[in-house]
Amino acid sequence: MSRSLCAALLLSAAPAWAEVPTVLADTAPVHSLVAIVMGDLGSPELIVAPGTSPHDASLTPSEAQALTEADLIIWTGNGFLPWLGESIASLAPQAQVVSLLETDGWDPLPPPEGEHGHEDGQEEYEHDEDHAGMDPHAWLDPNVAVSWLGHISSALAKADPDNAETYRQNTIYASEALISMKFAIQERLEPLAGNGYAVGHDAYRYFGRTTGLPPSYAIAHFDGAEPAPSDIAALREAVVSGEVQCLLLDAESKSSWAETLGEGAMLRTATVDPDGVTLEPGPSLYPQLMENLAAALESCLGA
């Protein structure tokens, strides 16, 4: 991540003396976006502990206690962490709650139609009344992150009107920085357009939309469901033919897939962290997550 981008994301107006609300964020990417908007005024608490996959997490007693004391909870939503929704409802009835997947102003994607090997990653999805059924990995599109910054800023301003202008200014600076980052990533990856790659599970279509490089195949479904034998056979054929040259694996993927699919073929692999599990929480985590993902794909496809 460039120094100028980091500086822009960390830039904020001088803190006021008014007491800021107690804010919780569910995952590392959302926590990072909230921290960016809060700037020097304070730091949100992170519900899913660093180093823990959001899919494997459960509330500890201290995290449950934090819910009962929160003024504002900003989370991805039931579409990504269904285990957290009931806890918020029962333990934090007093808190202002923002479910980012249920906000407007951005274009969600539906789950892929049919099985794997899809090429419809650019399809847009209209919000329905309860936003059910969407692909929840929306933070991997910086355009979505910018929209979410606006909703986070509005929620903070409502909870803390004395510092509303600071939240607004921080959001403006950060939004400009994230859009610049998006264009830089697009420029870097543009020469790789048309190169095929596969992913360990179907969580990268938002990233593919913003970069113009949607994955050609996914092994596991976006909800983690195991692939059918026919899916694996089709992907193996694509690897052998050279259609798929790279496999991105993350914490939700079985590392053995690289050996299974790449035996006797030229299949490069790279490890990615779309949930920011291995990164240091804070305002710089989100841009670092996106930079790491772009660099992994660039290295894997451009080697």
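Worth pointing out:
- When 226, 259, 237, 252 are screened for being exposed (fewer than 14 other Cβ atoms within 10 Å of the Cβ) and in a loop (DSSP other than H, G, I, E, B), only 226 passes.
- Here the condition is being closer than 22 Å to residue 140 by Cβ and of a type outside the set (Phe, Trp, Tyr); of 81, 91, it holds for 81 alone.
- Put simply, of 171, 166, 260, 211 the only residue that is under 30 Å from residue 283 (Cα atoms), β-branched (Val, Ile, Thr) and outside the structural domain of residue 41 (by TED's automatic domain parsing) is 211.
- Residue 205 surrounded by fewer than 20 Cβ atoms within 10 Å (Cβ to Cβ) and touching a residue at least 60 places away in the same chain (Cβ under 8 Å): no
- Filter pass, residue 116 being surrounded by fewer than 19 Cβ atoms within 10 Å (Cβ to Cβ) and either under 18 Å from the mean Cα position of the chain (by Cα) or at pLDDT below 90 (or both): no
- Residue satisfying all of: in the range 21-72; of a type in the set (Asp, Glu) and assigned to a helix (DSSP H, G or I); farthest from residue 88 (Cα to Cα) among these: 40
- Of all residues in the range 270-279, exactly one satisfies the criterion of being surrounded by fewer than 19 Cβ atoms within 10 Å (Cβ to Cβ) and part of a strand (DSSP E or B), namely 271.
The values are calculated or read from the model by the stated rules, or taken from the named source; none is laboratory data. Because the structure is a prediction, the values reported are computed rather than measured. Neighbour counts run over all protein chains shown; Cβ positions are idealised from the backbone, glycine included.
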